[in-house]
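The values are calculated or read from the model by the stated rules, or taken from the named source; none is laboratory data. Not measured: the values here are computed from a predicted model. Every residue, glycine among them, receives a Cβ derived from its backbone with ideal geometry; neighbour counts consider all protein chains shown. Keep in mind that these areas ignore ligands, DNA and RNA; they rest on the heavy atoms of the full protein, side chains included. Shrake-Rupley method; radii C 1.70, N 1.55, O 1.52, S 1.80 Å.
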Amino acid sequence: MKTATESQVKEDTEKMLVKGVDNIISNEVSLWIIGVINVGLKPLLFLFGFPGNILCAAVFYKLGLRERINLCVFALALTDLVTITVTFCGGVERVFREFLGVELNIQYFTGPTGFLWASMFVSTIIACERCFCVVSPFKAQRYIKTSTTAVIITVATVVLVGVFSAIVGPKHKAVTVYDLATNTTRSVVYVTRWEKN
């Protein structure tokens, strides 16, 4: 882990975006808000969302994936399951980093956030497919096949997660910032230009 002063981090604005250096609210209030989100809300979301999405995926799998809507909602449940799990793991990593001072590698938690975008994409597919079925039910049966929907969802998910894992993950770095005024250090995650390791 590299150590830098707060002024050095501020000066390097071309290469990085630093969260938490120039905030409207104080660092203590920001720490409390982050703590409530990461210690309270994200575990609660994981507690209810994880079994809920498993149940939803199981129900639509049992109904059969030959129908387009069953396939779409099954895919949405799986992508939401991964999204909730990655969000929870990211929150746990942040709690370890901010409160306990334990450094975990942030790169492993930013890449899979591509599932968040995949979840939004599948939700859009569901909305468009339902709209097309309402407007032109006979054309929808003829033009939109279940196998085509499965291929589109699979390819889009692989591309979104692959792009996030290959590009976004390596761009996030963690450094320790030394504050001269308070004589304390804290970890900061910043975004760099893409560079080969």
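Could you give the length gained by full extension between SER123 and ALA140, i.e. 0.36 nm per residue of separation minus their alpha carbon distance, to one decimal place? Intermediate results must be reported in sequence, preceding the final value.
Working: separation 17, 0.36 × 17 = 6.12 nm, distance 1.77 nm.
Between SER123 and ALA140, full extension yields an extra 4.3 nm.
Between VAL159 and ILE33, what is the FRET efficiency for a Förster distance of 25 Å, r being their Cβ-Cβ separation, to the nearest 0.05?
Numbers: r = 34 Å, r/R0 = 1.35.
Efficiency, from the Cβ-Cβ distance: 0.15.
Taking only protein heavy atoms and a 1.4 Å probe, what accessible area per residue, in Å², does region 18-170 have with all protein chains in place?
On the way: 9240 Å² over 153 residues.
Ligands and nucleic acids excluded, the result is 60 Å² per residue.
For region 18-170, just run the numbers: alpha carbon Rg, then divide by 2.2 N^0.38 Å, N being how many residues it has.
On the way: Rg = 19.0 Å, N = 153, 2.2 N^0.38 = 14.9 Å.
Dividing the Cα radius of gyration by 2.2 N^0.38 Å gives 1.28.
If packing is taken as the mean number of other Cβ atoms within 10 Å per residue, what is the order of 177-184, 69-76, 31-38, highest first?
Details: 177-184: 11.9, 69-76: 21.0, 31-38: 14.2.
Ranking the peptides 177-184, 69-76, 31-38 by packing returns 69-76, 31-38, 177-184.
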